[in-house]
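The values are calculated or read from the model by the stated rules, or taken from the named source; none is laboratory data. Quick caveat: nothing in here was measured; it's all calculated off a predicted structure. As a convention, Cβ positions derive from the backbone with ideal geometry for all residues, glycine included, and neighbour counts pool all protein chains shown.
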Amino acid sequence: MDIQNFAQMLDKQLQELLDKNPQLYGHHDPANPNALERAKDRAFVAWCLLHLADYPDMETKEAIDAIVDGGEEKGVDAICVPEKGRKLLVLQTKRRRNPQRAGISKNDLVQLFNGVEWLLDGDLSRIQENTEFRARAEEFREAYQSFEYEGVKIILAATVEHGLSREGQDEIDRAHARFARRGMHFDIETLNVEDLRQLFISQVHQQFRLNINLKLSGQPYVYENKTGSARALVGTVKGVDLAQLYDEHQHRILAANIRNSLGNVKINKGIQATAQDSGEAQNFWFYNNGVTFVCDEVSFRSLTDTTVKLENAQVINGAQTISSLWRVWREGPADHAAMQDVDVSVRIIEKEGDIEFRRRVTLYANSQNAVLQSDLVGTDTIQIELKRRLLDRGVYYEIRRGDYRAEREDLEKKGRPVQDMFALKEGAQALATFFEQVPAIAKSQTSKLFLVHEDGGYYDHVFTVATEPLHVILAVTSLRRIGEIRKLLARKEGDALEYDSGGWLLEEQRRPPAWLPHADYFLAGLIAHRFFDPACRADLDYVNGFLQWIRSDNESLKQAYSYLINQIERAVEQREEEYGYSHPKFFKSQAEYNLLRQAIESDYRRF
């Protein structure tokens with residue numbers, strides 16, 4: 001995700017914050033475009049608070065309550081007083097409209113540092129209008145004077161491309177010198193748009209921060225790259241220990257992997273059979289590829305039969321191994337003789353804070369195994385965000401195989417009802433059919449939907465930062481609806497002596513055509529081509545209206561469907577006499593679909 005895409009994603013998230021928290025508008029009229037931009041500035045303050053790594057447990061309400069803008073605030077946008085023992089926070093934000101043309105401003109830094117000094121020494125009684133600021137300032141000063149906090153963190157966050165100038169750094173150095181004389185530790189941090197992008201990606205990709213212990217058998221091998229920026233331990237762990245680790249953390253330990261546990265599929269049954277076989281369990285280490293962990297930091301006291309501590313750990317390869325061992329451990333007796341003989345090779349990779357490095361390790365570690373192309377995009381930032389936003393609409397979007405089975409119980413406990421569910425593959429096929437108009441590719445060359453354009457695929461066209469949850473719902477609903485109508489017509493044909501299509505076919509069409517079972521993707525694509533105005537894709541009211549139309553049984557939809565059936569019938573009749581023609585071949589041809597599109601004019605007015 002580059003800076004431009006991040007800027008679009010950020011704007012979406014700010015609008016989402018406003019939609020869910022209209023109090024961010026303050027006294028401004030939401031219908032006023034200027035008021036909307038000012039409200040987004042306030043939402044940006046909350047967004048920054050919610051993404052700061054030092055405050056991972058920040059709730060949305062806390063973030064909004066921390067905002068103190070509105071006059072008299074001394075250049076400070078937010079003041080946060082967390083639990084004792086942590087750092088007090090003072091934040092200033094600048095949401096620039098043109099990030100490429102700006103950098104961190106020295107004047108903004110001066111204003112922020114003056115504001116912090118005023119918080120520490122100023123006359124609070126002089127604040128008359130901004131009561132929120134005064135209350136927060138009083139709370140901040142009392143906390144500061146209690147010496148029960150680790151220090152003060154001062155942050156200037158700005159959507160600017162350039163970082164600090166020499167003058168800006170000099171200003172920070174002078175501020176450090178002044179604050180150092182006060183006797184408490186002060187951290188000063190500036191965040192430009194790239195830093196904000198990294199914070200966003202880090203939070204999206206690290207839903208669970210798990211600290212775990214692994215007991216290694218024997219002496220592990222330690223490898224470190226030339227720059228010392230990453231290192232790895234390769235060793236052996238008891239299968240029972242891995243089973244108990246999975247029992248404690250379940251699907252959360254697999255959150256960064258390309259797949260979740262797939263249950264009792266063939267490969268997992270094989271792993272379980274080896275672990276349960278008293279004659280083969282001792283060979284498990286040789287037969288199995290092992291388990292790979294990534295973490296921010298690994299620590300240990302010695303290198304022989306030691307316990308290593310992993311901070312922010314995830315399993316990124318070996319999900320089926322660890323979950324299969326857990327099934328054997330859970331279902332067998334506690335002293336299962338064979339299970340005690342299972343040893344597993346482990347690789348522990350340490351590199352702090354580099355999410356892109358983690359993603360590359362995950363993809364490359366798994367690309368050497370038999371995996372589906374769709375598995376390799378399930379950890380993409382766009383997919384994770386779509387999953388989150390679709391869940392807000394009651395739709396579970398399974399972007400990794402096995403996720404729904406693993407997460408269903410957690411969702412029920414949290415009171416997150418799931419009204420519908422579809423997988424990444426179905427979503428990609430539907431989007432490619434409806435919006436990209438490549439139904440033949442979606443149907444018969446699905447792997448291309450998960451390759452980027454430069455590799456001969458469509459992924460970066462099908463899924464972009466502009467892809468909205470409602471787009472996915474519309475596309476999937478359209479494809480499913482076409483299938484439902486086909487099945488309805490088939491039932492009518494079997495049940496009635498005098499066939500009645502219920503208005504879905506023209507009167508002269510006595511029976512559903514023989515090619516209809518092959519045509520779902522073509523029909524869904526042509527519905528979009530003829531009746532959906534692509535210029536209105538960003539208008540979500542229009543998209544929602546089209547969705548309601550697709551879900552209906554009204555006469556206009558029946559007329560649209562019967563018209564398209566008639567047009568396809570004509571094209572099929574022209575081809576049927578040709579040598580080598582078959583219905584399956586025809587409806588797998590993107591060239592045939594393109595000819596149909598040319599013959600069928602768009603008629604957006606009908607919708």
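Filtering the stretch 91-113 down to residues that are within 20 Å of residue 154 (Cβ to Cβ) and of a type in the set (S, T, N, Q), which residue is modelled with the lowest pLDDT?
The qualifying residue modelled with the lowest pLDDT is 105.
If you go through the stretch 10-17 one residue at a time, do you hit one that is of a type in the set (Asp, Glu), in contact with a helix residue (DSSP H, G or I) (Cβ under 9 Å, 6 or more places away or on another chain) and on the phi < 0 side of the Ramachandran plot?
Checked the stretch 10-17: at least one residue is of a type in the set (Asp, Glu), in contact with a helix residue (DSSP H, G or I) (Cβ under 9 Å, 6 or more places away or on another chain) and on the phi < 0 side of the Ramachandran plot.
Of the residues 352, 297, 331, which is acidic (Asp, Glu) and within 23 Å of residue 261 (Cα to Cα)?
331
Given the conditions (1) part of a helix (DSSP H, G or I); (2) in contact (Cβ under 8 Å) with a residue 24 or more places away in the chain; (3) not assigned by TED's automatic domain parsing to the domain that holds residue 516, report the number of the one that residue 471 does not fulfil.
(3) is the only condition that residue 471 fails.
Within the stretch 261-270, is even one residue surrounded by 22 or more Cβ atoms within 10 Å (Cβ to Cβ), touching a residue at least 12 places away in the same chain (Cβ under 8 Å) and part of a loop (DSSP other than H, G, I, E, B)? Walk me through how you get there before you give the answer.
Let us first name the residues in the stretch 261-270 that are surrounded by 22 or more Cβ atoms within 10 Å (Cβ to Cβ), namely 261.
Among the residues that remain, those that are also touching a residue at least 12 places away in the same chain (Cβ under 8 Å) are: 261.
From what is left, the residues that are part of a loop (DSSP other than H, G, I, E, B) are 261.
Yes: the stretch 261-270 contains one or more residues that are surrounded by 22 or more Cβ atoms within 10 Å (Cβ to Cβ), touching a residue at least 12 places away in the same chain (Cβ under 8 Å) and part of a loop (DSSP other than H, G, I, E, B).
So, residue 148, is that one farther than 14 Å from residue 103 by Cα, surrounded by 15 or more Cβ atoms within 10 Å (Cβ to Cβ) and modelled with pLDDT under 90 or not? Write out each step before concluding.
Values: farther than 14 Å from residue 103 by Cα: yes; surrounded by 15 or more Cβ atoms within 10 Å (Cβ to Cβ): no; modelled with pLDDT under 90: yes.
For residue 148, the condition - farther than 14 Å from residue 103 by Cα, surrounded by 15 or more Cβ atoms within 10 Å (Cβ to Cβ) and modelled with pLDDT under 90 - is not met.
For residue 116, state whether it is part of a helix (DSSP H, G or I), within 17 Å of residue 153 (Cα to Cα), at pLDDT 90 or above and of a type outside the set (Gly, Ala, Ser).
So residue 116 fits the description; yes.
Report, ordered by the first and then the second residue, all pairs with beta carbons closer than 8 Å, sequence separation of six or more or different chains, a first member in the stretch 4-23 that is touching a residue at least 24 places away in the same chain (Cβ under 8 Å), and a second member that is surrounded by fewer than 15 Cβ atoms within 10 Å (Cβ to Cβ).
Taking only residues 6 or more apart or on different chains, the pairs are 5/464; 8/466; 17/60; 18/30; 20/60; 21/60.
So which residues in the stretch 392-409 are surrounded by fewer than 17 Cβ atoms within 10 Å (Cβ to Cβ) and either in contact (Cβ under 8 Å) with a residue 24 or more places away in the chain or under 20 Å from residue 202 (Cα atoms) (or both), if there are any at all?
Selection gives 392, 393, 394, 405.
Using beta carbons and a limit of 6 Å, which pairs, at least six apart or on different chains, have the first residue in the stretch 424-451 and free of Cβ contacts under 8 Å to residues at least 12 places away in the same chain and the second one in a helix (DSSP H, G or I) and of a type in the set (Val, Ile, Thr)?
That search, which allows pairs on different chains as well, returns 448/441.
May I ask you to say which residue of 189, 194 is under 30 Å from residue 47 (Cα atoms), part of a helix (DSSP H, G or I) and in contact (Cβ under 8 Å) with a residue 12 or more places away in the chain?
194 is the lone residue from the list that is under 30 Å from residue 47 (Cα atoms), part of a helix (DSSP H, G or I) and in contact (Cβ under 8 Å) with a residue 12 or more places away in the chain.
Would you please list the contacts, defined by Cβ atoms under 6 Å and residues six or more apart or on different chains, that run from a residue in the stretch 284-311 that is touching a residue at least 24 places away in the same chain (Cβ under 8 Å) and loosely packed, with under 15 Cβ neighbours inside 10 Å to a residue that is part of a strand (DSSP E or B) and among the basic types (Lys, Arg)?
Pairs found: 307/215.
Kindly state which helices (runs of 4 or more DSSP H) lie completely within the stretch 280-340 and contain at least 2 residues that are modelled with pLDDT of 85 or more and out of contact with any helix residue (DSSP H, G or I) (no Cβ under 8 Å at 6 or more places or on another chain).
Qualifying helices (runs of 4 or more DSSP H): 284-287.
May I ask you to list the residues in the stretch 568-583 that are surrounded by 11 or more Cβ atoms within 10 Å (Cβ to Cβ) and either under 36 Å from the mean Cα position of the chain (by Cα) or among the aromatic types (Phe, Trp, Tyr) (or both)?
Passing the criteria: only 581.
How many residues are of a type in the set (Asp, Glu), under 24 Å from residue 191 (Cβ atoms) and outside any helix (DSSP H, G or I) when one looks only at the stretch 16-71? Show your work before the answer.
Within the stretch 16-71, the first condition is being of a type in the set (Asp, Glu), and the residues that meet it are 16, 19, 29, 37, 41, 54, 57, 59, 62, 65, 69.
Filter once more, so that each one left must be under 24 Å from residue 191 (Cβ atoms): 16, 37, 41, 54, 57, 59, 62, 65, 69.
Narrowing the set further to residues that are outside any helix (DSSP H, G or I) leaves 54, 57, 59, 69.
Matching residues across the stretch 16-71 total 4.
Taking the criterion of being buried (at least 22 other Cβ atoms within 10 Å of the Cβ), touching a helix residue (DSSP H, G or I) at 6+ places or on another chain (Cβ under 7 Å) and charged (D, E, K, R), would at least one residue in the stretch 37-47 satisfy it?
yes
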